[in-house]
1. Pop out the ³J(HN,Hα) list for segment 167-180 in order, Karplus 6.51 cos²θ - 1.76 cosθ + 1.60 with θ = phi - 60°, rounded to Hz; leave Gly and Pro as x.
2. Between R153 and S131, 0.36 nm times their residue separation minus their Cα-Cα distance comes to what?
3. Placing +1 on the Cβ of each Lys and Arg and -1 on the Cβ of each Asp and Glu in the chain, which of G117, L208, V5 has its Cα farthest towards the positive end of the resulting dipole?
4. Using the Karplus curve 6.51 cos²θ - 1.76 cosθ + 1.60 with θ = phi - 60°, what ³J(HN,Hα) values do you get for each residue of segment 93-107, in whole Hz, with x for Gly and Pro?
5. Report the one residue of A84, Q170, F145 whose Cα lies farthest in the direction of the positive end of the charge dipole of the chain (charges on C-beta: Lys and Arg +1, Asp and Glu -1; origin at the Cα centre).
6. About its Cα centre, how strong a charge dipole does segment 93-201 have in debye, to the nearest 20, once Lys and Arg get +1 and Asp and Glu get -1 at the Cβ?
7. Work out how much length D22 to R49 would gain on full extension: take 0.36 nm times their residue separation and subtract the Cα-Cα distance, in nm to one decimal.
8. For segment 1-93, which trypsin sites (Lys or Arg not before Pro) are in a loop by DSSP, counting at most 12 other Cβ atoms within 10 Å?
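Coordinate-derived values only; no laboratory data. Keep in mind the model is a prediction, meaning the values are calculated, not measured. Positions of Cβ are backbone-derived with ideal geometry, glycine not excepted, and every protein chain shown enters the neighbour counts.
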Amino acid sequence: MLHTVPGLVNDMEALAQKAIPDLRVLHYVDESLLQDTIAKGTTPAHVRRRLVNYASYAEESGAQALLVSCSSIGEAATAAQDFAAIPIMRIDAPMAELAVASGTRIGVLATLSATLGPTTRLVQEAAMRQSKKPSITATEVGGAFSALRAGDRAMHDGLVLAAFSELAAQCDVVVLAQASMARVIEHSRDQPGGPAVLASPDSGMTQLRSHFSSQDS
């Protein structure tokens, strides 16, 4: 797994072990991939090159796939696949497909514009593949990412919850664009009368199970 947020390592490790017991996971953490993407507003060429390098490192270490847990560099992960010998998985890919299959009013929630754009485009691409035309509402939670970087998790969580509540009232499905948001919304998921709430960590585990199931067969 390739992470741009160090705090995700333990959570993703636990989810992977629950999804596929005895799975051996190697974790790479490179915060600069996200920082450089935020600075440029898109994924720079050197970020795409380094994704290819990480896939090579993973393969040399015996890995059968590389799961990229950062949605902000998801489009770079897709581009890097052409130059990699092992599958490079976008953590949010199955989530986008499920969102389109689950409702006609889809909300995309992110704390970074650098994440909001790629995830929204991923949902749009899924809609095209499924020959559907859902209404997509993309919402950035202003100030939340800065609060998290400053260590103020309470402010981050409060801003995310407020934005989620407003968006949920308008949608059949809410897509959480960042893995770091999943724990904040956990208690709001599957509420009676509320929208379906999709989180990228679950999406990532779906891919891992599918990949290793096909390997076993």
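1. Karplus-based 3J(HN,Hα) across segment 167-180 equals 5, 4, 5, 9, 10, 8, 9, 10, 9, 8, 6, 10, 4, 5 Hz.
2. Details: separation 22, 0.36 × 22 = 7.92 nm, distance 3.97 nm.
Gain on extension, R153 to S131, equals 4.0 nm.
3. So the residue furthest toward the plus end is G117.
4. 3J(HN,Hα) across segment 93-107, in whole Hz: 5, x, 4, 5, 5, 5, 4, 5, 6, 9, x, 9, 10, 10, x.
5. Going by the Cα projections, it comes out as Q170.
6. Details: 9 positive and 9 negative charges, 50 e Å.
Charge dipole, segment 93-201, about its Cα centre: 240 debye, nearest 20.
7. Details: separation 27, 0.36 × 27 = 9.72 nm, distance 3.11 nm.
Length difference between fully extended and current span is 6.6 nm.
8. Values: sites: K18, R24, K40, R48, R49, R50, R90; in loops: R24.
Passing sites in segment 1-93 are R24.
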